[in-house]
Amino acid sequence: MQKADILVIGATGTIGRYLLEKLRLRGATFKALVRNVDKALALQQSGVAVAMGDLSDPESLRRAMQGVRKLFLLSSPSDRQVELQHNAIEAARAAGVAHIVKVSALGSLPDSPIQLARMHAQTEDEIRQSGMAWTFLHPHTLMQNWFWHVQQVREQGILYSFTQQGRYSPIDARDIAEVAARILTEAGHEGQTYYLTGPEAVSMKDVANALELALDKDIKLIAVPAEMSYQPLLQAGLPDWLAKDLAELNKTYAQSLGDDTSPDFERITGRRATSVKQFAADHARVFR
């Protein structure tokens, strides 16, 4: 297996796929933990070193960690998340990994009303006690979540808002990946928690306006009560607990309780985070 300084767990996800490219641009030596053979082959064909493994398979994690100095830890939401990420932490400690960079979420606290946030907080506490250096990333919700609306925008020119006129501060996944790449390849970020938001608080009306400009197309915004987002999330295949979490977040954003912005992204990268207008322009072809 090819040696690498960095192991990326979550490499094929929304943030991870951008992280791989940014690590490559920074000249880092890294490998991606992948459990799906087809995805592994696709990454290998693009020149990415791959370690086959699964968070539920501790032995595969031990093999993947050999020679690794830094670990990027991000996994799909799961009711087993604490257990699965524990397996990665234990394997990293046994292999002598020096530094874990974990992606959690904004509001990850032990007493959060959001189950996913409580699980993140529990794992962060385990990492703090592990003896390894750590950096935690607490990003706001992703701009890429607006891709859930692509079909309605394409076919009907409709954008649904489960957050009413509430304002919140989503961030582009590319920006999270840029911060993670810097932390994984630079010194001085140990023991830090970074709060990552977009540059400004926006409403779904602002998103509709940005798409209208990017697509040169009228977009009708339809406001839907936040509590009504639960059933569509279930129908999209999300487990009950996660659908409840996301519906609860929609209620929060509808009240503009997620509208704070953080300077951390600009402080780390030296540039302003991606705006809603820029995101819409960059992804216009997706919505077309």
- Query: When you go through GLY47, GLY67, GLY27 one by one, which is the residue that is at positive phi, outside any helix (DSSP H, G or I), touching a Lys or Arg at 6+ places or on another chain (Cβ under 9 Å) and surrounded by fewer than 16 Cβ atoms within 10 Å (Cβ to Cβ)?
  - Reply: GLY47
- Across the range 69-128, which residue is nearest to PRO58 (Cα to Cα) among those that are polar (S, T, N, Q) and without any contact (Cβ under 8 Å) to a residue 12 or more places away in the chain? SER78
- Query: Looking at (1) of a type outside the set (Phe, Trp, Tyr); (2) under 30 Å from ILE114 (Cβ atoms); (3) not in a loop (DSSP other than H, G, I, E, B), which is the only condition ALA94 fails?
  - Reply: (2)
- Query: Quick check: anything in the range 8-17 β-branched (Val, Ile, Thr) and surrounded by fewer than 16 Cβ atoms within 10 Å (Cβ to Cβ)?
  - Reply: no
- Here the qualifying pairs (Cβ atoms under 7 Å; residues six or more apart or on different chains; first in the range 273-288 and over 13 Å from GLU212 (Cα atoms); second buried (at least 16 other Cβ atoms within 10 Å of the Cβ) and basic (Lys, Arg)) come out as THR274/ARG174
- Residue set SER78, SER56; condition farther than 28 Å from GLU186 by Cβ and crowded, with 17+ Cβ neighbours inside 10 Å; output residue SER78
- Item | Meets criteria (without any contact (Cβ under 8 Å) to a residue 12 or more places away in the chain and on the phi < 0 side of the Ramachandran plot) for ALA42 | yes
- Query: Within the range 141-162, is even one residue under 22 Å from the mean Cα position of the chain (by Cα), closer than 23 Å to GLY270 by Cα and buried (at least 22 other Cβ atoms within 10 Å of the Cβ)?
  - Reply: yes
- Within the range 172-203, how many residues turn out to be of a type in the set (Gly, Ala, Ser), under 19 Å from the mean Cα position of the chain (by Cα) and either within 30 Å of PHE162 (Cβ to Cβ) or surrounded by fewer than 21 Cβ atoms within 10 Å (Cβ to Cβ) (or both)? 5
- Query: Across the range 222-256, what is the number of residues that are surrounded by 13 or more Cβ atoms within 10 Å (Cβ to Cβ), part of a loop (DSSP other than H, G, I, E, B), in contact (Cβ under 8 Å) with a residue 60 or more places away in the chain and aliphatic (A, V, I, L, M)?
  - Reply: 1
- Task: Report yes if HIS120 is of a type outside the set (S, T, N, Q), assigned to a strand (DSSP E or B) and over 23 Å from GLY96 (Cβ atoms), otherwise no.
- Result: no
- Identify all residues within the range 96-117 that are surrounded by 17 or more Cβ atoms within 10 Å (Cβ to Cβ) and either under 15 Å from the mean Cα position of the chain (by Cα) or more than 22 Å from GLU186 (Cβ to Cβ) (or both); write none if there are none. VAL101, LYS102, VAL103, SER104, ALA105, LEU106, GLY107, SER108, SER112, ILE114, LEU116, ALA117
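No lab work stands behind these numbers, since they all come straight from the coordinates. Treat the numbers as computed from the prediction; the structure is a model and nothing was measured. Neighbour counts are summed over all protein chains in view; Cβ atoms, including those assigned to glycine, are modelled from backbone coordinates with ideal geometry.
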